[in-house]
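The values are calculated or read from the model by the stated rules, or taken from the named source; none is laboratory data. Keep in mind that this is a model prediction, so the values were computed, not measured. So basically every Cβ, Gly included, is an ideal-geometry build from the backbone, and we count neighbours across all protein chains shown. Protein only, heavy atoms only, side chains kept; ligands, DNA and RNA dropped before computing areas. Shrake-Rupley method; radii C 1.70, N 1.55, O 1.52, S 1.80 Å.
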Amino acid sequence: MLWTGDLRELEPSFGMPVSYRLRMESADGPCSIPIAVGDTLVFRATGALRCVACGRSVKKLYQNGYCFPCVQTLAECDLCIVKPHQCHFHLGTCRDEAFAAAHCMVPHYVYIAWSSGFKVGITRKGRHLKRWMDQGAIEAAVIAEVPDRKTAGDLEVHISQWMADKTHWRKMLADEAGPDRPLVEVAREVQASVAQPYHPYLVADVRPERLAYPRQPGFNVMLTSLVLASDEAVGGVIRGIKGQYLLFDDGVLNVKRWAGHEVVVEHRSASCSAEVGAN
């Protein structure tokens, strides 16, 4: 089938392994395409760019799909989104208090995950599985529950003094083995190391969650980042999916990186092709 629309992201659903849909915004509204390993998926960029927030056509996009005015004005594009410890709500300078009430002034988790190695991270309570799937975590566990995003950011910065807080995408995509130590053991060590003011937020029952991602057996990923350009097609048979990355024979495509780019997508399901071949 052919689909035309603006890219959004890969939408994961928890399972063993994780399953995925490709989200796009078409002229008829949102569409969500089920995709799987073995499917053929080919992208052809048209060159058109539209802001994922306001929808206006632009010549350049920022921060995974926003136009420059939206980057300058929207709360979800403020610096404190990527650096939550720099939240300035208490100073009365928040860009959108309603957004803050819904997304920031609510309980958050601080967690330990293995993606490209052990790392610390934060997420809103209730969104932890999606967060871990988006990061390509193989295993993760909540270590603390705090009342708001800023406190979560403060604790994350505190822990990042001795543990990574970023995911290295190449290591994440290459790794299929998982942690070299029991994650629960590492999580307990981190909890024992945090400063006393954070102790009331630590969870007593650390429960690691395992995650698995679809990949063809024996496939060795080529760690070349694919680029959507209007003069060439990108894609082919899907060999694996992890985080926001589609794994093809000639490289990997970070779908969310190209949010707001209009594409024509050709999708052929492996299951449908098999049925046709059988007939």
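The numbered conditions (1) out of contact with any Leu (no Cβ under 8 Å at 6 or more places or on another chain); (2) under 30 Å from GLY121 (Cα atoms); (3) small (Gly, Ala, Ser) are all true for ALA53 except (1). Here is the figure for segment 230-239: residues that are on the phi < 0 side of the Ramachandran plot and touching a strand residue (DSSP E or B) at 6+ places or on another chain (Cβ under 6 Å) total 6.
Kindly indicate the residue of segment 237-251 that is of a type outside the set (A, V, I, L, M, F, W, C) and buried (at least 16 other Cβ atoms within 10 Å of the Cβ) and also farthest from LEU22 (Cα to Cα) among those meeting that condition.
Taking segment 237-251 and keeping what is of a type outside the set (A, V, I, L, M, F, W, C), we get 239-240, 242-245, 249-251.
Among the residues that remain, those that are also buried (at least 16 other Cβ atoms within 10 Å of the Cβ) are: 239-240, 242-245, 251.
Details: ARG239: 15, GLY240: 14, LYS242: 13, GLY243: 12, GLN244: 10, TYR245: 11, GLY251: 18 Å.
It comes out as GLY251.
Number of residues in segment 168-201 that are modelled with pLDDT of 95 or more, open to solvent by less than 50 Å² (accessible area, probe 1.4 Å) and either within 23 Å of the chain's Cα centre (by Cα) or hydroxyl-bearing (Ser, Thr, Tyr) (or both): the value is 5.
Listed here are the residues, each with its yes/no results for (1) over 21 Å from ARG124 (Cβ atoms); (2) free of Cβ contacts under 8 Å to residues at least 24 places away in the same chain; (3) in contact with a helix residue (DSSP H, G or I) (Cβ under 9 Å, 6 or more places away or on another chain); (4) of a type in the set (Lys, Arg).
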position: CYS67; (1), (2), (3), (4): yes, yes, no, no
position: HIS88; (1), (2), (3), (4): no, yes, yes, no
position: GLY92; (1), (2), (3), (4): yes, yes, no, no
position: GLU97; (1), (2), (3), (4): no, yes, yes, no
position: ALA100; (1), (2), (3), (4): no, no, yes, no
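In summary, VAL71 fulfils each of the numbered conditions (1) of a type in the set (A, V, I, L, M, F, W, C); (2) part of a helix (DSSP H, G or I); (3) open to solvent by 30 Å² or more (accessible area, probe 1.4 Å) with the single exception of condition (3).
Residues that are modelled with pLDDT of 95 or more, touching a Lys or Arg at 6+ places or on another chain (Cβ under 6 Å) and within 17 Å of LEU10 (Cβ to Cβ) occur in segment 221-241; there is at least one. Taken as a whole, segment 154-176 holds no residue that is among the small types (Gly, Ala, Ser) and touching a residue at least 60 places away in the same chain (Cβ under 8 Å). Might you check whether a residue that is buried (at least 19 other Cβ atoms within 10 Å of the Cβ), more than 27 Å from GLU76 (Cα to Cα) and under 18 Å from the mean Cα position of the chain (by Cα) occurs anywhere in segment 128-136? There is no residue in segment 128-136 that is buried (at least 19 other Cβ atoms within 10 Å of the Cβ), more than 27 Å from GLU76 (Cα to Cα) and under 18 Å from the mean Cα position of the chain (by Cα).
Condition check ((1) charged (D, E, K, R); (2) assigned to a strand (DSSP E or B); (3) within 30 Å of ASP154 (Cβ to Cβ)) across all residues:
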| position | (1), (2), (3) |
| --- | --- |
| ASP6 | yes, yes, no |
| LEU10 | no, yes, no |
| VAL42 | no, yes, no |
| VAL52 | no, no, yes |
| CYS80 | no, no, yes |
